[in-house]
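Here the structure comes first, spelled out in structure tokens, and everything after it is commentary.
The values are calculated or read from the model by the stated rules, or taken from the named source; none is laboratory data. Keep in mind that what you see is a predicted model, and the values were worked out from it rather than measured. Every residue, glycine as well, gets a Cβ built from its backbone with ideal geometry; the counts of neighbours run over all protein chains shown. Side chains included, ligands, DNA and RNA excluded: accessible areas come from the protein's heavy atoms. Shrake-Rupley method; radii C 1.70, N 1.55, O 1.52, S 1.80 Å.
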Protein chains: 2
Amino acid sequence: MPKRVDHDERRHRIAEALWRLASSRGLDGTSLRDVAAEAGISLGQLQHYFSSKGEMLLFALEHINKLAEARVLERVVPLPEEDRSPRRVLRESIAEMLPLNEESRTGNLVQIAYFVRAVHDERLRRHAREGIPALREFFAGQLRIAAQRGEIAAGRDAETEAMLLIALADGLTSYALLDVHSPGEALRLLDAHLDRLFTPDPR
Amino acid sequence: MPKRVDHDERRHRIAEALWRLASSRGLDGTSLRDVAAEAGISLGQLQHYFSSKGEMLLFALEHINKLAEARVLERVVPLPEEDRSPRRVLRESIAEMLPLNEESRTGNLVQIAYFVRAVHDERLRRHAREGIPALREFFAGQLRIAAQRGEIAAGRDAETEAMLLIALADGLTSYALLDVHSPGEALRLLDAHLDRLFTPDPR
DNA sequence: CGTTTTACAGGTCAATCGTATTGCTATAGC
DNA sequence: GCTATAGCAATACGATTGACCTGTAAAACG
């Protein structure tokens, strides 16, 4: 047999070619031939690594989710102790999700392409249903710490506020992608929301 | 010539057939033949009313937007004077946008299908860029009235809060469609946000 | 009444899709 | 060094797509 090849490395390369195309044409508008050409390989070779389009899509989704999670962690973890306040952690996390740079914009466009499929595809929908609660718990944990520190009103439910943050981030992202507002404006709106959330108990 | 036909009425029928299919398969997954079959007409007849698929899509989008706007107005305008507080108007408006019933769910799924296309299609994107500011102004107007009445803190910027509400509604809708939370839970989250927004100046 | 125009049916078209198949080549393993 | 096999290229396949094109019946209109 010929030289052994790192399968995962090849699959990642193909997934990244898929993202580049899907971010500008959607998943339906991206054919296997397109992906192969973008990755600089033949259709036959692509089929050697993915036995069907669905399999390729699923692999690419799991990969992009892992990368997105890693980027958030990479941004939050290195913060010096004194800057790692709940508010700062939440802000940096959400900012990393917003389409503030070209790479993130591509990622978000791909995520949306998957989102549409997920609405009709049970297998993909499960991914969303499993991922969001984990994020919500992370956010809620930060909010509970903030409540203990007296940085937010005691009456607020952490899980509720966490879900509101996620939904808001999602909406801000959508409208930024549509150029309804700029990415910077999305960040400003996020900060306005956080200002209101991180208000100590007024009474 | 044969009996004159109400063109607009036929086109509306076709658009509604398109929605039914697009809400469960997406716009890309819906062929002209599918739409014709769903509408109970031949492909030839469909093409008699729409010279291209793109034209049909654009017509159906404009139609669904008009209907959505009309439904909001129908819900808000008949409210008795004493119930037409800014908070109530905003709540009912947003509730009408959430996928709380099957009809609204279908409408939202179609909207999302268009959203994905809009990201890549300049002509569709213009629709979004023109529609949202109008909605934001309507919301901002309600918020200014609330501020005059002293129902919300004076320091809040109406346009900012209006855009936050729209983005939040959008995010809540997305996650309701993915069954991350129930439509009822989306409404509860909206109310939680409104509770915080409609808090008189604490100082 | 005759002509023109509208409303539609049906078929054809090239293009494109995902998938399946075949065959060659180079090397890992014995 | 022989051979089995992983890696890949190339091609073919049937299905489906949106866009055309032609034919025909009927009724509106002069």
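Worth a mention:
- The condition of being modelled with pLDDT of 90 or more and open to solvent by 70 Å² or more (accessible area, probe 1.4 Å) holds for only one of B:57, B:61, B:67, that being B:67.
- Failed criterion for residue A:81 (all others in (1) out of contact with any Phe, Trp or Tyr (no Cβ under 9 Å at 6 or more places or on another chain); (2) away from every other protein chain (no Cβ under 13 Å); (3) at pLDDT 90 or above hold): (3)
- Members of the stretch A:120-163 found to be under 19 Å from residue B:182 (Cβ atoms), open to solvent by less than 20 Å² (accessible area, probe 1.4 Å) and in contact (Cβ under 8 Å) with a residue 24 or more places away in the chain, listed by number: A:161, A:162, A:163
- On the stretch given as the stretch A:40-72, residues that are in a helix (DSSP H, G or I) and under 22 Å from residue A:112 (Cα atoms) total 20.
- Filtered by the rule that a residue be under 19 Å from residue B:124 (Cβ atoms) and either open to solvent by 10 Å² or more (accessible area, probe 1.4 Å) or more than 7 Å from chain B (Cβ to nearest Cβ) (or both), the stretch A:164-177 gives A:173, A:174, A:175, A:176.
- Filtering B:32, B:21, B:109, B:57 for residues that are farther than 30 Å from residue B:150 by Cα and within 12 Å of DNA strand C (Cβ to nearest atom) leaves a single hit, B:32.
- Selection over the stretch B:77-95 of residues that are surrounded by fewer than 18 Cβ atoms within 10 Å (Cβ to Cβ) and free of Cβ contacts under 8 Å to residues at least 60 places away in the same chain gives a count of 10.
- One residue alone among A:136, A:123 is in a helix (DSSP H, G or I), in contact with a helix residue (DSSP H, G or I) (Cβ under 9 Å, 6 or more places away or on another chain) and at pLDDT 95 or above, and that residue is A:136.
- Reported count of residues in the stretch A:179-203, each being within 7 Å of chain B (Cβ to nearest Cβ), open to solvent by less than 10 Å² (accessible area, probe 1.4 Å) and closer than 30 Å to residue B:121 by Cα, is 1.
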